[in-house]
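The values are calculated or read from the model by the stated rules, or taken from the named source; none is laboratory data. Please read all numbers here as calculations on a predicted model, not as lab measurements. Using ideal geometry, Cβ is built from the backbone for each residue, glycine included, and neighbour counts are taken over all protein chains shown. Just so you know, the surface numbers come from the protein's heavy atoms only, side chains and all, with ligands and any DNA or RNA stripped out. Shrake-Rupley method; radii C 1.70, N 1.55, O 1.52, S 1.80 Å.
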Amino acid sequence: MKTPLILASSSPFRQSILKKLMLPFSSFSPDVNEQAHQGELAEQLVARLSELKAKAAISNYQKGIVIGSDQVALFNGEILGKPHNKENAIKQLSLFSNSRVTFLTGLTVFDIESGKTLTKVVPFQVYFRKLTQTQISNYCDAETPYNCAGSFKSEGLGICLFDKLEGEDPNTLIGLPLIQLTKMLLEFGIDVLAEQSSQQ
């Protein structure tokens, strides 16, 4: 690849998703204030934060195509925070029982040299099965999802909580919508499949 690919995330999950594209990339941890602005809608929040994360690369790199991503979970129109402890996780999961939670993932691709920036927001729906308090408590003890928006890890045991998932790309739920990303990279001159022959 002529231009370095950079992931603006220290998340091991996002890194493992990006590895599926079989392209070399570096990553860094963007230091961004994730607080929502007054009156900011969830879509606006994830779009703004994914862009801020991508553009934070300027302080570490002179050139490259940067991928930034941010995600929120929404329930009944309210943005869900991370539970931080078992009590809050049980509260969140009890609310979700037999209900739907919407995940919005902001995705930004940014070219450091040209300043070109593309941002998309990708939705994903999670339908929860009817859960008992025992199931919720057992899940929390097994996976301690206290640092996850929505109190679950879909890439792990969280899958036991769901009835069904709806969205264009299952990677979206883990925080990096690859289908959308490959389309966006094309607009920056990176054809993921064409790059495979030059990697050999």
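Could you pull out every residue, at least 5 positions away or on a different chain, whose amide H is within less than 5 Å of the one on Cys148? Hs are placed 1.01 Å off N in the peptide plane, and Pro or chain starts have none.
Result for Cys148 returns His84.
From the list (1) 105; (2) 177; (3) 119, can you say which value of volume of the Cα convex hull per residue in Å³ was derived from the structure given?
(3)
What residue among Asp70, Asp163, Asp141 shows peak mean-square fluctuation when the chain is described by a Gaussian network model with Cα springs under 10 Å?
Result for the chain, Cα springs under 10 Å: Asp141 fluctuates most.
How large a share of the accessible area of the range 5-198, in percent, is made up of carbon and sulfur atoms when the probe is 1.4 Å and the other protein chains stay in place?
That fraction is 51 percent.
Roughly how many whole Å is it from the C-alpha centroid of the range 21-54 to that of the range 102-162?
15
Per residue, how much accessible area does the chain have with a 1.4 Å probe, in Å²?
For the chain, the per-residue accessible area is 51 Å².
For the ranges 35-44, 167-176, 184-193, what's the packing order if you count other beta-carbon atoms within 10 Å of each residue, average per peptide, and put the highest first?
Per-residue mean Cβ counts within 10 Å order the peptides as 167-176, 184-193, 35-44.
Which of the lysines could be linked to Lys82 by a straight reach, that is with a Cα gap under 30 Å, when you skip same-chain ones fewer than 8 residues away?
Lys19, Lys20, Lys53, Lys55, Lys91, Lys120, Lys130, Lys153, Lys164
Given the range 1-57, report the % of alpha carbon pairs whose separation exceeds 12 Å.
Summing the P(r) tail past 12 Å for the range 1-57 gives 69 percent.
Quick one: Karplus J couplings for the range 9-21, per residue in order, coefficients 6.51, -1.76, 1.60, θ = phi - 60°, nearest Hz, x for Gly and Pro?
So the J values, rounded to whole Hz, are 6, 9, 5, x, 5, 5, 5, 5, 5, 5, 4, 4, 7.
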